[in-house]
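In what follows, a structure is listed as structure tokens, so that the remarks can point back to it.
Since every read-out is calculated from the coordinates, none of them should be taken as a lab result. Predicted, not measured: the structure shown is a model, and the values here were computed from it. Neighbour counts are summed over all protein chains in view; Cβ atoms, including those assigned to glycine, are modelled from backbone coordinates with ideal geometry.
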Amino acid sequence: MSDEVRDAGYDDWLDAVEEGEAYYLESPEGHGSLPPRRVCPDCGSTDLEEAPLPETGEIETFSITYVPTPDFGEDAPYAIAIAEFGPVRITGQVVGVDVEDVENGQTVELEVVASETTGERVVGFRPR
């Protein structure tokens, strides 16, 4: 990645996920958010600390895309889900299962996967 432009907050967070050290940012009041935040969206605190992200999350909702934009043409069909990991909700692509097997309430693990179309890293959820 040395020749690529890096988003210091987001790409560093993806690196941490790949290394098994996923985290979220926690305010003194216990609110959770994800990098690259510098201010808690709930209380306005700038005193954010890294806290370990739970190893598993639960799919709250999802959508299956059959007709994608050109940026994701090779990935279709795919399911995009919002999963709750403790105090944060994360959006990612469900991987490792047929899209018809994705369901609300499913337990998932967070991982970084490569888009089949662009090869870029994206957030993935693998059902357990």
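Summary table below
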| read-out | value |
| --- | --- |
| Net charge dipole size for the range 1-53 [Lys, Arg +1 and Asp, Glu -1 on Cβ; Debye, nearest 20] | 260 debye |
| Largest-first principal axis extents, alpha carbons of the chain, Å | 42, 40, 24 |
| In order through the range 70-86: 3J(HN,Hα) via Karplus (6.51 cos²θ - 1.76 cosθ + 1.60), integer Hz, x for Gly, Pro | x, 5, 10, x, 7, 7, 6, x, 9, 10, 9, 10, 10, 10, 8, 10, x |
| Cα extents of the range 55-128 along the three principal axes, largest first (Å) | 33, 23, 18 |
| For the range 1-53, fraction of C-alpha pairs farther apart than 17 Å, in % | 38 percent |
| Qualifying GluC sites (Glu not before Pro) in the range 70-106, DSSP loop, other Cβ atoms within 10 Å at most 15 | Glu74, Glu103 |
| Under 5 Å, built H, 5+ apart or other chain: amide partners of Ser45 | Cys40 |
| Percent RCO, i.e. relative contact order, over the range 55-128, from Cα pairs under 8 Å lying at least 6 residues apart | 34 percent |
| Crossing angle, helix 8-18 versus the chain [Cα axis fit, 0-90 degrees, rounded to tens] | 70 degrees |
| Candidates Phe62, Phe85, Phe72, ranked by Gaussian network fluctuation over the chain, Cα under 10 Å, top entry | Phe72 |
| Relative contact order (%) - criterion: Cα under 8 Å, at least six apart; region: the range 1-53 | 32 percent |
| Cβ-Cβ FRET estimate between Thr107 and Thr46, R0 fixed at 30 Å, reported to 0.05 | 0.35 |
| Size of electric dipole in the chain: Cβ of Lys, Arg +1 and of Asp, Glu -1, about Cα centre, debye, nearest 20 | 300 debye |
| Relative contact order for the chain, counting Cα pairs under 8 Å that sit 6 or more residues apart, in percent | 20 percent |
| Exposure proxy ranking, count of Cβ atoms within 10 Å, fewest first, for Ser115, Ser27 | Ser115, Ser27 |
| Order of Tyr78, Tyr24, Tyr10 - criterion: other Cβ atoms within 10 Å of each residue's Cβ, fewest first | Tyr10, Tyr78, Tyr24 |
